[in-house]
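The structure appears below as structure tokens.
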Ligand code: GLN
């Protein structure tokens with residue numbers, strides 16, 4: 001079967017009588033069967049259900065009663081609750097756990113006739129940048145299997161790149177949708193914090209966690225965003241704003257765009273990625289966008305702020321996994337020992353590191369020195385970011401400092417691993433939308449991603465410029 005870049009292509013074939021949803025599901029199941037052994041992108045595959053669902057949707061299409069997402073086959077990261085299906089956050093501590101309800105964002109996809117084909121591999125509790133922190137072993141990059149797919153939504157990006165599904169729902173707390181999308185050559189969208197309900201998303205750092213989308217096209221990201229967004233009685237932090245018709249994003253406007261010298265001159269930035277950004281700046285100028293160099297003085301403070309605050313929030317959120325309530329329970333006659341053993345055996349090394357550093361930052365003697373200070377710096381970063389976005393429609397930067405690195409290369413060096421998030425965490429610290437778009441490859445054929453950030457609730461224009469950029473690349477080929 002040919003590969004489809006977007007749902008509109010799929011729906012056109014279905015309409016022309018050349019394709020059925022059942023055939024499409026069978027195709028993706030075959031892709032999973034042939035590739036998952038080596039890529040380890042899916043942890044569970046719901047074959048029978050997906051096939052049954054496909055027959056029902058094919059019938060609905062005949063009756064003209066199918067939803068907007070008929071023909072969209074989606075995989076979901078192992079952090080989303082899907083009723084009566086396993087949910088483990090790629091952790092031993094949730095061994096054998098099954099969800100008792102469905103996350104709002106997933107329910108909204110189902111209501112529009114998307115099909116959920118399985119749960120996807122990720123870093124344990126979404127903590128990581130390479131998918132190597134999964135209790136189920138790493139997912140691999142389909143472009144080069146000796147390399148990581150990025151993380152934490154690594155399985156989700158690998159699955160889309162290897163055509164095991166048409167789109168994936170990942171989560172983005174500090175870049176976990178955009179960084180793997182960049183490494184695997186697909187689109188990764190992190191909407192405004194509060195745009196999509198987090199009900200049913202296992203919490204990592206609640207003031208940063210965002211539902212994110214991985215897709216092959218900007219068009220599909222827009223459509224999925226439109227379906228998932230909007231107020232939800234189960235999550236009071238979701239914005240009450242009316243959801244725009246994101247799917248209708250193509251206005252082809254000319255914009256004012258900034259690129260930051262601090263990111264392009266950063267010593268950790270790979271020179272080919274820098275060259276790609278400069279090439280894009282030129283192309284944008286040729287297409288009559290106004291592109292200017294600008295400054296952001298706080299780049300060096302973003303990562304430390306992010307890691308103090310997210311570890312603090314994680315240490316509190318993950319206290320619920322005590323061995324008594326969910327999943328794994330260690331054997332012991334003594335209650336306190338049972339808690340301790342369950343947590344020591346159930347959590348992996350990186351999760352333990354975050355819980356310990358977070359607990360330290362929140363402890364009475366260090367609270368002000370770390371937690372309060374980081375909150376103040378967060379406010380300053382938000383302020384400077386918003387000032388920049390008052391002047392410019394978008395800020396352009398690389399998504400990542402490097403292309404996909406080798407499996408094992410950074411695994412034992414947590415600080416180097418954290419540096420991978422250098423350019424992505426700003427959007428989460430500030431709560432603004434950001435996207436990663438594939439833009440060329442390096443000399444080893446590894447994908448390069450470019451990132452655009454914009455002000456809160458400006459996703460529609462973000463989608464418009466992203467689509468223009470993807471089209472430049474197609475024209476240059
Ligand atoms: N790599 C970052 C972290 O480990 C981002 C994770 C994420 O966005 N879920 O915290």
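The values are calculated or read from the model by the stated rules, or taken from the named source; none is laboratory data. This structure is a prediction, so every number in the text was calculated from the model and none was measured. Here the Cβ positions follow ideal geometry from the backbone for every residue, glycine too, while neighbour counts run over all protein chains shown.
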_What's the total number of residues in region 404-421 that are crowded, with 24+ Cβ neighbours inside 10 Å and more than 15 Å from the chain's Cα centre (by Cα)?_
1
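Taking into account only those residues within region 139-156 that are more than 24 Å from residue 108 (Cβ to Cβ) and buried (at least 24 other Cβ atoms within 10 Å of the Cβ), which is nearest to the ligand (Cβ to nearest atom)?
First, the residues of region 139-156 that are more than 24 Å from residue 108 (Cβ to Cβ): 139-151, 154.
Applying the additional criterion that residues be buried (at least 24 other Cβ atoms within 10 Å of the Cβ) yields 139-141, 148-151, 154.
Working: 139: 14, 140: 18, 141: 16, 148: 12, 149: 13, 150: 9, 151: 6, 154: 11 Å.
Looking at residues that are more than 24 Å from residue 108 (Cβ to Cβ) and buried (at least 24 other Cβ atoms within 10 Å of the Cβ), I get 151.
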*asked:* Among the residues of region 90-118, what is the count of those that are within 16 Å of the ligand (Cβ to nearest atom) and either outside any loop (DSSP other than H, G, I, E, B) or under 23 Å from residue 405 (Cα atoms) (or both)?
replied: 2
*May I ask you to list the residues in region 204-214 that are away from the ligand (no atom under 11 Å from the Cβ) and either closer than 15 Å to residue 94 by Cα or touching a strand residue (DSSP E or B) at 6+ places or on another chain (Cβ under 8 Å) (or both)?*
211, 213, 214
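For residue 136, are the conditions met, namely being within 23 Å of residue 93 (Cβ to Cβ), surrounded by fewer than 24 Cβ atoms within 10 Å (Cβ to Cβ), away from the ligand (no atom under 13 Å from the Cβ) and at pLDDT 95 or above? Spell out how you get there, then give the answer.
Details: within 23 Å of residue 93 (Cβ to Cβ): yes; surrounded by fewer than 24 Cβ atoms within 10 Å (Cβ to Cβ): yes; away from the ligand (no atom under 13 Å from the Cβ): yes; at pLDDT 95 or above: yes.
Judged against the criteria, residue 136 is a match.
Condition check ((1) surrounded by 16 or more Cβ atoms within 10 Å (Cβ to Cβ); (2) closer than 29 Å to residue 404 by Cβ; (3) touching a residue at least 60 places away in the same chain (Cβ under 8 Å); (4) more than 16 Å from the ligand (Cβ to nearest atom)) across all residues:
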site	(1), (2), (3), (4)
250	no, no, yes, yes
258	yes, yes, yes, yes
292	no, no, yes, yes
295	no, no, no, yes
304	no, yes, yes, no
325	no, no, no, yes
338	yes, no, no, yes
345	no, no, yes, yes
*Can you give me the number of residues within region 139-171 that are touching a strand residue (DSSP E or B) at 6+ places or on another chain (Cβ under 9 Å) and assigned to a loop (DSSP other than H, G, I, E, B)?*
12
*Quick check, is residue 122 at pLDDT 95 or above, away from the ligand (no atom under 16 Å from the Cβ) and either more than 13 Å from residue 184 (Cβ to Cβ) or touching a helix residue (DSSP H, G or I) at 6+ places or on another chain (Cβ under 6 Å) (or both)?*
no
*Does residue 174 qualify as being within 16 Å of the ligand (Cβ to nearest atom), assigned to a loop (DSSP other than H, G, I, E, B), farther than 10 Å from residue 214 by Cβ and out of contact with any strand residue (DSSP E or B) (no Cβ under 8 Å at 6 or more places or on another chain)?*
yes
_Odd one out for residue 240 among (1) away from the ligand (no atom under 16 Å from the Cβ); (2) assigned to a strand (DSSP E or B)_ = (2)
_Among (1) more than 15 Å from the chain's Cα centre (by Cα); (2) under 21 Å from residue 425 (Cβ atoms), the one test that residue 130 misses_ = (1)
*Filter region 423-446 for residues that are within 12 Å of the ligand (Cβ to nearest atom) and more than 25 Å from residue 464 (Cα to Cα) and give the result.*
none
*Pairs only if they're at least six apart or on different chains, beta carbon under 8 angstrom, first in region 123-136 and under 17 Å from residue 315 (Cα atoms) and part of a loop (DSSP other than H, G, I, E, B), second more than 7 Å from the ligand (Cβ to nearest atom) and at pLDDT below 95; list them, first residue then second.*
128/417
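Return the only residue of 41, 66, 50, 90 being surrounded by 21 or more Cβ atoms within 10 Å (Cβ to Cβ) and over 30 Å from residue 349 (Cβ atoms).
Details: 41 fails: over 30 Å from residue 349 (Cβ atoms); 66 fails: surrounded by 21 or more Cβ atoms within 10 Å (Cβ to Cβ); 90 fails: over 30 Å from residue 349 (Cβ atoms).
From the options 41, 66, 50, 90, the qualifying one is 50.
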*Lone unmet requirement of (1) within 16 Å of the ligand (Cβ to nearest atom); (2) touching a strand residue (DSSP E or B) at 6+ places or on another chain (Cβ under 8 Å) for residue 29*: (1)
*Which of the residues belonging to region 306-323 are at pLDDT 95 or above, crowded, with 19+ Cβ neighbours inside 10 Å and more than 16 Å from the ligand (Cβ to nearest atom)?*
321
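Would you point out which residue out of 194, 207, 236 is within 20 Å of residue 306 (Cβ to Cβ), surrounded by fewer than 22 Cβ atoms within 10 Å (Cβ to Cβ) and out of contact with any helix residue (DSSP H, G or I) (no Cβ under 8 Å at 6 or more places or on another chain)? Quick ask: steps written out before the conclusion?
Numbers: 207 fails: out of contact with any helix residue (DSSP H, G or I) (no Cβ under 8 Å at 6 or more places or on another chain); 236 fails: within 20 Å of residue 306 (Cβ to Cβ).
So the residue among 194, 207, 236 that is within 20 Å of residue 306 (Cβ to Cβ), surrounded by fewer than 22 Cβ atoms within 10 Å (Cβ to Cβ) and out of contact with any helix residue (DSSP H, G or I) (no Cβ under 8 Å at 6 or more places or on another chain) is 194.
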*Taking residue 449 as meeting all but one of (1) within 15 Å of the ligand (Cβ to nearest atom); (2) assigned to a loop (DSSP other than H, G, I, E, B), write down the number of the exception.*
(2)
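Residues 159, 182, 231: which one is closer than 20 Å to residue 437 by Cα, more than 16 Å from the ligand (Cβ to nearest atom) and either in contact with a helix residue (DSSP H, G or I) (Cβ under 9 Å, 6 or more places away or on another chain) or free of Cβ contacts under 8 Å to residues at least 40 places away in the same chain (or both)? Reasoning before the result, please.
On the way: 182 fails: more than 16 Å from the ligand (Cβ to nearest atom); 231 fails: closer than 20 Å to residue 437 by Cα.
Within the list 159, 182, 231, the selection yields 159.
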